[in-house]
1. Consider residue 119 carefully, then state whether it is assigned to a helix (DSSP H, G or I) and open to solvent by less than 30 Å² (accessible area, probe 1.4 Å).
2. Between 51, 11, 67, 46, which is surrounded by 16 or more Cβ atoms within 10 Å (Cβ to Cβ) and in contact with a His (Cβ under 8 Å, 6 or more places away or on another chain)?
3. Among the residues of segment 123-133, count how many are part of a helix (DSSP H, G or I), open to solvent by 50 Å² or more (accessible area, probe 1.4 Å) and under 23 Å from residue 69 (Cα atoms).
4. I'd like to verify a number: residues in segment 1-49 that are more than 12 Å from residue 122 (Cα to Cα), away from the ligand (no atom under 16 Å from the Cβ) and assigned to a loop (DSSP other than H, G, I, E, B), how many?
5. Out of (1) among the acidic types (Asp, Glu); (2) more than 16 Å from the ligand (Cβ to nearest atom); (3) farther than 22 Å from residue 109 by Cα; (4) free of Cβ contacts under 8 Å to residues at least 24 places away in the same chain, the odd one out for residue 81 is which?
6. Which of the residues spanning segment 134-149 are free of Cβ contacts under 8 Å to residues at least 60 places away in the same chain and either open to solvent by less than 10 Å² (accessible area, probe 1.4 Å) or within 13 Å of the ligand (Cβ to nearest atom) (or both)?
7. Within the bounds of segment 124-133, is there any residue that is touching a Lys or Arg at 6+ places or on another chain (Cβ under 7 Å), more than 13 Å from the ligand (Cβ to nearest atom) and within 22 Å of residue 89 (Cα to Cα)?
8. So residue 76 passes all but one of these: (1) in a helix (DSSP H, G or I); (2) surrounded by 17 or more Cβ atoms within 10 Å (Cβ to Cβ); (3) out of contact with any Ser or Thr (no Cβ under 7 Å at 6 or more places or on another chain). Which condition number does it fail?
Amino acid sequence: MELLEAIAQRRAVRDYAADAVDGATLDALIHAAVQAPSAVDSQPWRFVVVRQRALLDRIAHEAKLWRLRSESSTELRAHLENPAFHIFYNAPALVLIAAEHESPWMVEDCALAAQNLMLAACDKGLGTCWIGLAQDYLRSPAGKDLLGIPQAWVPVAPIIVGRPRVPAPPHPRREPQVRWID
Ligand SMILES: Cc1cc2nc3c(=O)[nH]c(=O)nc-3n(C[C@H](O)[C@H](O)[C@H](O)COP(=O)(O)O)c2cc1C
């Protein structure tokens, strides 16, 4: 797949087949992720790959409860209170990209790595979705303990990965608003 094709075709996938994603494939995605640029070449990204079904379900459950404590949107609360709503959409894998410690550009650096990972997954026929709803929980001491990661790490991008059950629908973009200054 050409790069521009992958950029155009990547979609947030919210319906996954149960098949596991093999370790070699996830490793290849992570190697694509670390090709991203980073401020002063700090390469602050660290990766946690979760494929254990029981742990994925536990994180999804805890993250929903965590989010419900602070969520003010009635619509989102209703979603989160629905026991059938799995915030990871039952995806078979989660790749969490975290910064090794707080730093001024950690979000930019890790987000660029995340985009590389999502495009590489698209190239391999896999679906992904950044799950912002899980971020607050994963950044909490309890979330870090559950994953067994150092408390100094700062989780930035929880990306679910799996084989899409059906192709994700197109998501047209608004025309870019550009001021040309020639
Ligand atoms: C920072 C960030 C957080 C997101 N959080 C969620 C989320 O918690 N749940 C979800 O279903 N989609 C989430 N998304 C996916 C967006 O909803 C999706 O990218 C957007 O609707 C555009 O659709 P597309 O990715 O298919 O082009 C998130 C995307 C980003 C970049």
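1. Yes; evaluated as a whole, the condition is true for this residue.
2. 11
3. First, the residues of segment 123-133 that are part of a helix (DSSP H, G or I): 123, 132-133.
Then keep just the ones that are open to solvent by 50 Å² or more (accessible area, probe 1.4 Å); that gives 123.
Adding the requirement that they be under 23 Å from residue 69 (Cα atoms) leaves none.
Summing the residues that are part of a helix (DSSP H, G or I), open to solvent by 50 Å² or more (accessible area, probe 1.4 Å) and under 23 Å from residue 69 (Cα atoms) in segment 123-133 gives 0.
4. Of the residues in that region, 13 qualify.
5. Going through the list (1) among the acidic types (Asp, Glu); (2) more than 16 Å from the ligand (Cβ to nearest atom); (3) farther than 22 Å from residue 109 by Cα; (4) free of Cβ contacts under 8 Å to residues at least 24 places away in the same chain, residue 81 breaks only (2).
6. 135
7. Looking for residues that are touching a Lys or Arg at 6+ places or on another chain (Cβ under 7 Å), more than 13 Å from the ligand (Cβ to nearest atom) and within 22 Å of residue 89 (Cα to Cα), one finds at least one in segment 124-133, hence yes.
8. Here residue 76 meets the rest and fails (2).
The values are calculated or read from the model by the stated rules, or taken from the named source; none is laboratory data. Everything numeric in this text was worked out from a predicted model, so none of it was measured. Neighbour counts are summed over all protein chains in view; Cβ atoms, including those assigned to glycine, are modelled from backbone coordinates with ideal geometry. Quick note on the areas: whole protein, heavy atoms, side chains included, nothing else; ligands and nucleic acids left out. Shrake-Rupley method; radii C 1.70, N 1.55, O 1.52, S 1.80 Å.
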